[in-house]
2 protein chains.
Amino acid sequence: MPTEKPTPALLTALREAVGEANVQTSSDELFVYECDGLTLDTATPGAVVFVHSTEEVAAVVRACHEASHPFVARGAGTGLSGGAVALHGAVVVETARMKRILELDLENRVALVEPGLVNLHLTRACAGKHLHYAPDPSSQGSCTIGGNVAENSGGPHTLKYGVTVNHVLGLEVVLPDGRVMEFGGPHGRGAGYDLTGLFVGSEGTFGIATKVWAKLTPNPETVKTLLAVFPSIDAASRAVSHVIARGIVPAALELIDRTIVRAVESWLHLGFPTDAGAVLLIELDGLRDGLDLLAERVMACCRLAECLEVRQARDEKERLLLWKARKQAFGAVGRLSPSYYVQDGVIPRSRLPEVLGRIQASAERHGLINANVFHAGDGNLHPLILFDERVPAQVEAALKCNEEILSAVIDAGGMLSGEHGIGLEKLRFMSRVFGEDDLEGMRRVREVFDPRYLANPGKAIPSRRCWEVKGHKPPAMRPPMRKQ
Amino acid sequence: MPTEKPTPALLTALREAVGEANVQTSSDELFVYECDGLTLDTATPGAVVFVHSTEEVAAVVRACHEASHPFVARGAGTGLSGGAVALHGAVVVETARMKRILELDLENRVALVEPGLVNLHLTRACAGKHLHYAPDPSSQGSCTIGGNVAENSGGPHTLKYGVTVNHVLGLEVVLPDGRVMEFGGPHGRGAGYDLTGLFVGSEGTFGIATKVWAKLTPNPETVKTLLAVFPSIDAASRAVSHVIARGIVPAALELIDRTIVRAVESWLHLGFPTDAGAVLLIELDGLRDGLDLLAERVMACCRLAECLEVRQARDEKERLLLWKARKQAFGAVGRLSPSYYVQDGVIPRSRLPEVLGRIQASAERHGLINANVFHAGDGNLHPLILFDERVPAQVEAALKCNEEILSAVIDAGGMLSGEHGIGLEKLRFMSRVFGEDDLEGMRRVREVFDPRYLANPGKAIPSRRCWEVKGHKPPAMRPPMRKQ
């Protein structure tokens with residue numbers, strides 16, 4: 001599918017669908033939507049359309065379908081794999097204004113929300129009700145539920161509470177031909193195939209979610225947060241293995257390396273030990289009574305791995321500071337370097353030291369700085385490669401390094417992505433972990449929903465369809481699933 | 001697809017695939033495979049084939065595919081929705097002999113097993129390692145992992161630990177054209193669409209799982225089991241609501257009504273209170289320290305709902321007796337009645353008293369006995385309707401009652417199945433909870449894997465394809481996903 005501007009007819013249809021004022025086409029307006037959190041990959045959208053309801057989304061998608069023009073949904077644009085980048089002049093369907101909470105059923109612990117709702121705002125809406133929405137990406141203050149659904153987002157508390165797919169009970173979806181369908185519901189699956197689970201993490205290639213049934217999780221009675229300081233990443237990794245081996249499942253188990261600690265410290269002055277090789281941020285939650293004992297055991301695991309120091313946050317204030325350090329880590333890196341590249345491969349915990357070593361060596365070989373802050377408990381790496389976007393040689397080196405990191409992950413029997421998605425960034429690596437048969441199977445599943453590859457083309461799976469590879473037009477429309 | 005015997009050519013191909021001795025075709029041999037745990041629905045298989053390896057399964061399926069003959073996988077045949085009934089003279093692929101544990105990776109907590117492995121045997125294989133396989137259907141002593149995968153089985157501990165799909169990280173699958181594919185792997189998903197999650201619960205309509213990557217769960221440090229006795233089901237239901245409302249998540253929260261209690265008691269003499277309206281079996285697990293407090297709180301909830309008595313199992317011996325009562329409940333019902341019908345709809349917990357009342361009324365209206373033993377914590381009902389298969393009028397009444405039960409579930413905004421699957425039993429109800437668009441979407445997904453409806457036809461979703469509805473032959477073969 002070649003990059004092409006929307007036809008005047010399509011633009012007219014879009015304006016009729018959402019109103020003149022909600023369609024942006026000028027280059028300075030479109031510039032804002034050239035990339036998401038993955039700043040290296042950019043593309044200019046054909047247009048940006050602000051939607052306010054399911055009906056508007058359906059009308060916009062129908063217009064694109066009739067014009068055989070691609071589209072891509074976008075929430076806050078915080079994604080890190082280029083999932084929201086508008087390839088082939090796609091029309092950006094901006095859902096940020098669809099941010100209502102339509103239902104909040106506290107008794108059955110479920111909320112019906114629109115896709116543009118900011119993740120953290122759902123938890124805020126439950127304030128005082130002892131409930132929260134569990135998936136907590138570091139960007140939860142700005143990322144949207146719809147984006148989380150597309151990428152099956154996780155967060156530090158994924159270790160105990162699971163990723164987005166474990167917290168979505170049902171969806172209302174606009175299919176790529178403009179029809180509206182419902183998968184699951186307020187009580188989840190129940191019969192038929194699990195299309196909700198299939199849609200979550202499909203990176204916008206099956207259509208656009210317009211309503212989300214989100215599960216609400218009871219708040220733990222007590223939370224304890226520990227800070228453990230280690231001479232090296234290896235020692236910290238050993239502590240992680242000890243904790244997991246004892247069958248302890250912390251709410252969160254985060255590893256932060258020296259580079260990140262120093263960056264955060266020089267910015268926020270939280271009193272982090274800047275001489276440490278690595279620190280572990282360990283959160284335990286549950287009933288008050290059991291928690292002291294559990295904390296004791298976790299601290300014993302840290303000492304067994306020869307930590308330099310391990311202590312509990314003295315009070316809620318310090319606990320929040322520790323988490324601020326973690327959640328601001330990526331931001332702090334911005335003080336070290338104008339740009340960074342982050343991966344999120346998942347590897348067996350037992351291979352942590354080995355793979356982290358390979359990543360470090362790769363960065364050094366390319367003369368770049370590698371920093372690590374990641375979900376150690378579930379082996380979900382977040383190696384950052386720091387570079388200067390303005391220096392072509394560094395960009396090239398960063399890309400090479402990125403390639404070597406993914407190779408190290410694959411060699412360790414790991415997976416390309418834990419929570420950021422494949423997007424367009426890791427697309428060409430898919431054929432290294434999947435056979436052509438597997439990929440073709442995925443294509444066939446995709447074509448059930450999007451036979452013409454109009455929904456976020458060029459993402460998630462390598463489509464290998466001629467109109468994508470050779471830039472031809474998509475095939476003629478297939479009849480809709482049901483004769484209308 | 002009409003009922004038809006396998007052609008001599010197909011039988012020859014099957015014998016070549018697995019050997020003469022592993023193909024059964026005589027009527028007395030086939031008789032054994034006429035039904036599964038749902039005894040009302042029977043059909044005679046075209047043949048029964050015992051398989052011992054992925055290669056044999058692939059060869060058998062390929063032979064069926066080339067002969068355009070349907071097939072259905074079968075494990076222990078304990079399913080309760082008729083999922084393993086061989087419609088249209090399907091060839092039964094009996095996996096009971098594929099029961100090896102191929103890998104037991106304790107460090108990364110995952111096992112690679114064959115589909116015929118008995119559920120409980122995986123947990124037994126972990127004895128002394130403080131790990132277990134969490135999904136625990138009441139039939140776990142005989143049901144197979146492969147069957148659990150097909151039906152996405154749950155069990156009493158589903159409330160805290162989730163159903164089968166939450167414990168399966170990857171699959172090796174023989175597709176309906178005989179090709180072997182892998183979904184996910186020892187570390188789970190990672191990239192691409194979640195075909196593992198899609199396959200689990202597809203009731204054999206996508207192909208046959210030949211290897212399963214099963215997650216192993218750490219054993220809790222301590223387990224406490226409480227028995228609470230209530231004057232009525234309503235009071236017991238209120239206690240359930242109180243427990244859940246306080247954010248307490250027991251490992252299991254089972255409701256057993258008077259009829260079941262009496263049946264169990266008259267058989268096993270466990271000292272259950274036969275005058276009770278209902279009892280709750282509540283299991284709590286976790287760290288020793290926190291658990292006493294938690295037990296206190298749960299007991300307070302029971303008292304708040306005016307229980308007659310609530311106590312902890314005195315020792316492990318009594319605890320096992322309580323669970324024996326629960327797990328033998330269905331068996332005990334066999335002493336009350338020659339046959340019973342069991343449903344497993346899921347309803348919002350808040351509607352428990354109302355729906356149970358409607359079920360009771362329906363049974364009385366039809367002059368039948370209704371008994372209840374179910375997963376109250378997650379609203380997963382298991383209403384049993386007792387009848388005598390030898391009395392046609394009772395069979396008819398039972399079927400009418402079954403219809404009214406599912407209607408009550410649907411009216412309460414519930415779901416047709418929590419863990420037993422749709423099978424052929426609930427097939428005709430699918431169109432009451434799903435629109436034609438939804439069903440057509442599911443058909444299209446199915447056709448990605450099984451375009452000719454040869455894999456367990458007539459199950460899970462109403463296919464509405466002419467060769468099923470009008471009994472025509474399936475269409476000509478479509479090219480395989482990849483040119484071979």
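Looking only at region A:406-437, filter to residues that are β-branched (Val, Ile, Thr) and surrounded by 18 or more Cβ atoms within 10 Å (Cβ to Cβ); which one of those is farthest from the other protein chains (Cβ to nearest Cβ)? For region A:406-437, the residue satisfying everything is A:409. Residue B:204 passes every criterion in (1) surrounded by 22 or more Cβ atoms within 10 Å (Cβ to Cβ); (2) more than 20 Å from residue B:60 (Cα to Cα) apart from (2).
Among the residues of region B:446-459, the one identified as within 11 Å of chain A (Cβ to nearest Cβ) and within 22 Å of the chain's Cα centre (by Cα) is B:446.
Counting residues in region B:76-96 that are acidic (Asp, Glu), in contact (Cβ under 8 Å) with a residue 12 or more places away in the chain and out of contact with any strand residue (DSSP E or B) (no Cβ under 6 Å at 6 or more places or on another chain) gives zero. Scanning region A:51-61 for residues that are assigned to a loop (DSSP other than H, G, I, E, B) and either of a type in the set (Val, Ile, Thr) or crowded, with 17+ Cβ neighbours inside 10 Å (or both) turns up A:51, A:52. Would you check if residue B:328 is under 20 Å from residue B:268 (Cα atoms) and in contact with a Phe, Trp or Tyr (Cβ under 9 Å, 6 or more places away or on another chain)? Yes. Residues considered: B:173, B:149. Of these, the only one that is more than 8 Å from every other protein chain (Cβ to nearest Cβ), assigned to a strand (DSSP E or B) and touching a Phe, Trp or Tyr at 6+ places or on another chain (Cβ under 9 Å) is B:173. Just one of the numbered conditions (1) under 25 Å from the mean Cα position of the chain (by Cα); (2) acidic (Asp, Glu); (3) in a helix (DSSP H, G or I) is not true of residue B:292: (1). Cβ separations smaller than 9 Å between residues 6+ apart or across chains give the following pairs from region A:277-291 residues that are within 7 Å of another protein chain (Cβ to nearest Cβ) and touching a residue at least 24 places away in the same chain (Cβ under 8 Å) to residues that are part of a strand (DSSP E or B) and among the aliphatic types (A, V, I, L, M): A:286/A:223.
Here B:39, B:12 are screened, and the one residue that is more than 21 Å from residue B:143 (Cα to Cα) and out of contact with any Cys (no Cβ under 6 Å at 6 or more places or on another chain) is B:12.
Scanning region A:388-408 for residues that are part of a helix (DSSP H, G or I) and touching a strand residue (DSSP E or B) at 6+ places or on another chain (Cβ under 7 Å) yields A:394, A:395, A:397, A:398, A:401, A:402, A:405. Are any of the residues in region B:385-405 free of Cβ contacts under 8 Å to residues at least 24 places away in the same chain and open to solvent by less than 20 Å² (accessible area, probe 1.4 Å)? Taking every residue of region B:385-405 in turn, none turns out to be free of Cβ contacts under 8 Å to residues at least 24 places away in the same chain and open to solvent by less than 20 Å² (accessible area, probe 1.4 Å). In region B:183-196, the qualifying residues are those that are in contact (Cβ under 8 Å) with a residue 24 or more places away in the chain and open to solvent by 30 Å² or more (accessible area, probe 1.4 Å), and the one that is nearest to the other protein chains (Cβ to nearest Cβ) is B:187. Filtered by the rule that a residue be of a type in the set (A, V, I, L, M), at pLDDT 90 or above and assigned to a loop (DSSP other than H, G, I, E, B), region B:250-275 gives a lone residue, B:251. On the stretch given as region B:105-133, residues that are on the phi < 0 side of the Ramachandran plot, more than 13 Å from chain A (Cβ to nearest Cβ) and either surrounded by fewer than 16 Cβ atoms within 10 Å (Cβ to Cβ) or under 14 Å from the mean Cα position of the chain (by Cα) (or both) total 4.
What do you reckon, is residue B:359 among the aliphatic types (A, V, I, L, M) and open to solvent by less than 10 Å² (accessible area, probe 1.4 Å)? So residue B:359 fits the description; yes.
Here is a yes/no grid of residues against (1) free of Cβ contacts under 8 Å to residues at least 40 places away in the same chain; (2) buried (at least 23 other Cβ atoms within 10 Å of the Cβ):
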residue: B:13; (1), (2): no, no
residue: B:17; (1), (2): no, no
residue: B:23; (1), (2): yes, no
residue: B:34; (1), (2): no, no
residue: B:41; (1), (2): no, no
residue: B:49; (1), (2): no, yes
residue: B:63; (1), (2): no, yes
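Among the residues making up region B:358-379, a single one is within 14 Å of chain A (Cβ to nearest Cβ) and in a loop (DSSP other than H, G, I, E, B): B:379. Where residues in region B:298-349 are assigned to a helix (DSSP H, G or I) and open to solvent by 80 Å² or more (accessible area, probe 1.4 Å), which of them is nearest to the other protein chains (Cβ to nearest Cβ)? Checked region B:298-349; the qualifying residue nearest to the other protein chains (Cβ to nearest Cβ) is B:304. Please indicate, with yes or no, whether at least one residue in region A:409-430 is part of a helix (DSSP H, G or I), in contact with a Leu (Cβ under 9 Å, 6 or more places away or on another chain), at pLDDT below 95 and farther than 24 Å from residue A:378 by Cβ. Scanning region A:409-430, I find no residue that is part of a helix (DSSP H, G or I), in contact with a Leu (Cβ under 9 Å, 6 or more places away or on another chain), at pLDDT below 95 and farther than 24 Å from residue A:378 by Cβ, so the answer is no.
Within the bounds of region B:282-289, is there any residue that is closer than 27 Å to residue B:409 by Cβ and either open to solvent by less than 10 Å² (accessible area, probe 1.4 Å) or out of contact with any Gly (no Cβ under 7 Å at 6 or more places or on another chain) (or both)? So far as region B:282-289 goes, yes, one or more of its residues are closer than 27 Å to residue B:409 by Cβ and either open to solvent by less than 10 Å² (accessible area, probe 1.4 Å) or out of contact with any Gly (no Cβ under 7 Å at 6 or more places or on another chain) (or both).
The values are calculated or read from the model by the stated rules, or taken from the named source; none is laboratory data. Note that the structure is a prediction, hence the values are computed from the model and not measured. Using ideal geometry, Cβ is built from the backbone for each residue, glycine included, and neighbour counts are taken over all protein chains shown. SASA here: full protein model, heavy atoms, side chains in, ligands and nucleic acids out. Shrake-Rupley method; radii C 1.70, N 1.55, O 1.52, S 1.80 Å.
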